[in-house]
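Enquirer: Below are the structure tokens for one structure; questions will follow.
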């Protein structure tokens, strides 16, 4: 073998050793670290292994609990979103109903004013009619001074609430 071939073989061997060291160095370091922790805690390998299995079991249980909590929180978020949507829909409907209520209130006010006007016109018409009828009836009976409306008819009275006014 020539000098160059020896150097190439040497470099390949060093590379193989370095790659092997990279694969084995980490597990060796972890193993040594675990061994150091075991010595610090004054535990046997069996106790340490049991504790490790118990921790893994606890981790699996915690992961399962976390998964359940996550699913539950997702369901709660979904319910909250639906409730928000329902609330917004109700708020929109409330606004529309308030507008309708305002419009209907105005309609009622308009109708009340109209009714009051019709009632005033009816009262004026009734008084005018009563004056005409009762003043003519007063010629026959001078004691007639009042009237009342009963069943859409004018009744002339000698005593009552509504006074007639006849021209003298």
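Enquirer: Determine whether residue 112 is assigned to a helix (DSSP H, G or I), under 60 Å from the mean Cα position of the chain (by Cα) and at pLDDT 95 or above.
Expert: Values: assigned to a helix (DSSP H, G or I): yes; under 60 Å from the mean Cα position of the chain (by Cα): yes; at pLDDT 95 or above: yes.
When the stated conditions are applied, residue 112 passes them.
Enquirer: Here is a further query. So the check is Cβ under 8 Å with 6+ separation or different chains; which pairs have a first residue in the range 1-19 that's free of Cβ contacts under 8 Å to residues at least 24 places away in the same chain and a second one that's surrounded by 10 or more Cβ atoms within 10 Å (Cβ to Cβ) and part of a helix (DSSP H, G or I)?
Expert: 1/9
Enquirer: For the range 131-150, name all the residues that are under 10 Å from residue 166 (Cα atoms) and in a loop (DSSP other than H, G, I, E, B).
Expert: 145
Here is a yes/no grid of residues against (1) within 20 Å of the chain's Cα centre (by Cα); (2) surrounded by 10 or more Cβ atoms within 10 Å (Cβ to Cβ); (3) touching a residue at least 60 places away in the same chain (Cβ under 8 Å):
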residue	(1), (2), (3)
26	no, yes, no
42	no, no, no
45	no, yes, no
60	no, yes, no
84	yes, yes, no
89	yes, yes, no
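The values are calculated or read from the model by the stated rules, or taken from the named source; none is laboratory data. For clarity, every value in this text was computed on a predicted model and none was experimentally measured. Every residue, glycine among them, receives a Cβ derived from its backbone with ideal geometry; neighbour counts consider all protein chains shown.
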